[in-house]
1. Within the range B:2-21, count every residue that is loosely packed, with under 15 Cβ neighbours inside 10 Å and either touching a strand residue (DSSP E or B) at 6+ places or on another chain (Cβ under 6 Å) or of a type in the set (Ser, Thr, Tyr) (or both).
2. Tell me, which residue of the range B:77-101 that is among the hydrophobic types (A, V, I, L, M, F, W, C) and surrounded by fewer than 18 Cβ atoms within 10 Å (Cβ to Cβ) is farthest from the other protein chains (Cβ to nearest Cβ)?
3. Just to check your reading of the model, which residue among B:ILE48, B:ILE55 is of a type outside the set (S, T, N, Q), within 14 Å of another protein chain (Cβ to nearest Cβ) and touching a strand residue (DSSP E or B) at 6+ places or on another chain (Cβ under 7 Å)?
4. Give the range B:24-65 a look and list any residue that's of a type in the set (Phe, Trp, Tyr) and either within 13 Å of the chain's Cα centre (by Cα) or surrounded by 15 or more Cβ atoms within 10 Å (Cβ to Cβ) (or both), or say none.
5. Please go through the range A:260-291 and give me each residue that is outside any helix (DSSP H, G or I) and in contact (Cβ under 8 Å) with a residue 40 or more places away in the chain, ordered by number.
6. For a quick check of your reading of the model, give me the residue pairs whose first member lies in the range A:62-76 and is over 10 Å from A:TRP12 (Cβ atoms) and more than 13 Å from every other protein chain (Cβ to nearest Cβ), whose second is among the small types (Gly, Ala, Ser) and surrounded by fewer than 24 Cβ atoms within 10 Å (Cβ to Cβ), with beta-carbon atoms closer than 6 Å and at least 6 apart or on different chains.
7. Being touching a strand residue (DSSP E or B) at 6+ places or on another chain (Cβ under 6 Å) and without any contact (Cβ under 8 Å) to a residue 60 or more places away in the chain is the filter; apply it to the range A:25-60 and report the residue that is surrounded by the fewest Cβ atoms within 10 Å (Cβ to Cβ).
8. Part of a loop (DSSP other than H, G, I, E, B) and closer than 23 Å to A:LYS329 by Cα: does that describe A:GLU61?
Amino acid sequence: MRPIIDVVISGWGSYIPIYRLPVEEVARIWGTSADHIKQELLIYEKSVAGIDEDVATIAVEAAKNSLKRSKINPNELGAVFVGTETKPYAVKPTGTIVAEAIGATPKILAADFEFACKAGTECLQCCIALVGSNMIKYGMAIGADVAEGAPADPLEYSAGSGGTAIIVGSKNYEKEPVALLEGSVSYVTDTPDFWRRPKESYPSHAEAFTGDPAYFRHTISAAKLLMEELGLRPSDFKYAIFHQPNGKFPLKAAKILGFTREQVEHGFIVPYIGNLYSGSSMTGFSAILDIAMPGDRILLVSYGSGAGSDAFSFIVQDGIITKRDNAPKVMDYIKKKRKIDYAIYCKIRGKI
Amino acid sequence: MSVPRYWRNIPQRVRMEALKCKSCGKIIYPPRAKCIYCGKNDFECYTIPEKGRLISFSIIRHPPIGFEHTTPYVVGIIEFENGLRISSQITDVDINELKIGMEVEQVFRKVSEDGKSGIIQYAIKFRPIFQNI
């Protein structure tokens, strides 16, 4: 898919809570082997939202960081979309909370999207469409979650908190573009690998079914389709980011497609903060924008259970240099951490 | 807090919008109908700076109703470069690392919830400065 008008990234920003729950702490409670979990999942600790944090607070902080880089007036935004599967309200948009907090109301489109872990890149697709059809000047796409797995479930080791906001605009308006969109694809099927029914606190999953028919089929197909449409090969990309539910899946998908470890390692953040669900691939992408140089080509592939993948190809532009240092980087957030034990985890996530 | 009151306070709680008196130049926060210094009512909007210094604090261990599960938490007075002082919760801070004079910055956080079915109230709090940018 290509928009009629060239669409560029104008700004980007992430936010990751300060608290970390090490794998050892969860293993201590349930009598499992931390070493085995680390080996299986390639996750060492996960980020945990504080007692006064939720998807709205994470989205607002990421949005503010993206505005610091974009330098646009919030009133120039025509849309704020929040992709998440952990909305603070079942009925009431998070998008309006974000839009109000950043001073973008009232002449703006605001909504929440849900597609498991790919809701954030769905927002990105829609913002690209609105900007690319000249309906709006700038659009903000946010992927954020305060993900939680049920106690003793394998997801309890990996489900993290955090998010990323990306502002896209028309190449005609944006004076300092960060990256130019080359094209995108979406690839979806009805595949019930992971779900959460209404009023349930924790998601359920179909164990090994989450692998080949779900994650790998969709990420690999979307990436292949995009490269076919654009006439590109893996070696044409400097960096590639795949959704990171654990450490093994994205590395395996990259290998199957023919990407090297060097192409994926800079956006490989799951070992240190866990799976950010809707924020996962977008925060990996944000980590790449924190270091990429003009001319670099970046592949972004999300995955959402249920199931589907969005794939995007961007070419980095000169504007990235002047904007990069205007907000904290993903690695700054990863490094600034405070370890907590399982009791504090239960307290701040409302489990006791 | 009632829903209408929370809604009315969104500009001052969420975007830190204060009033600057056009007559005496003083900043009024939270906003009032009349200037508390000169009594005039001709204002312009003033946004409180993102960064300030903690000049006093209390650690709350015996909280009011609605905050029982959040203890211990910190309430502090923050002073800005222009001399303005406001009170706010200080979050993301280890209470053993609290220091008078520490630099703090705004962060958007949840303040309280009206039970499981009521509204969630958000506001700006302050946290130890994350990074000097």
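1. The number of residues fulfilling the criteria is 1.
2. Residue satisfying both the conditions and the ranking: B:ILE100.
3. B:ILE48
4. Result: B:TYR29, B:PHE43, B:TYR46, B:PHE57.
5. Going residue by residue through the range A:260-291, those that are outside any helix (DSSP H, G or I) are A:260, A:266-269, A:274-276, A:290-291.
Within the range A:260-291, A:ILE269, A:GLY274, A:ASN275, A:LEU276, A:ASP290 qualify.
6. From the range A:62-76, no pairs qualify.
7. Only one residue tops the list, namely A:ASP52.
8. Considered against the rule, which asks whether it is part of a loop (DSSP other than H, G, I, E, B) and closer than 23 Å to A:LYS329 by Cα, A:GLU61 comes out as no.
Where a number appears in this text, it was derived from the coordinates with a stated rule and is not lab data. Predicted model only: the values in this text are computed from it and were never measured. Note: ideal-geometry Cβ built from the backbone for every residue, glycine included; neighbour counts use all protein chains shown.
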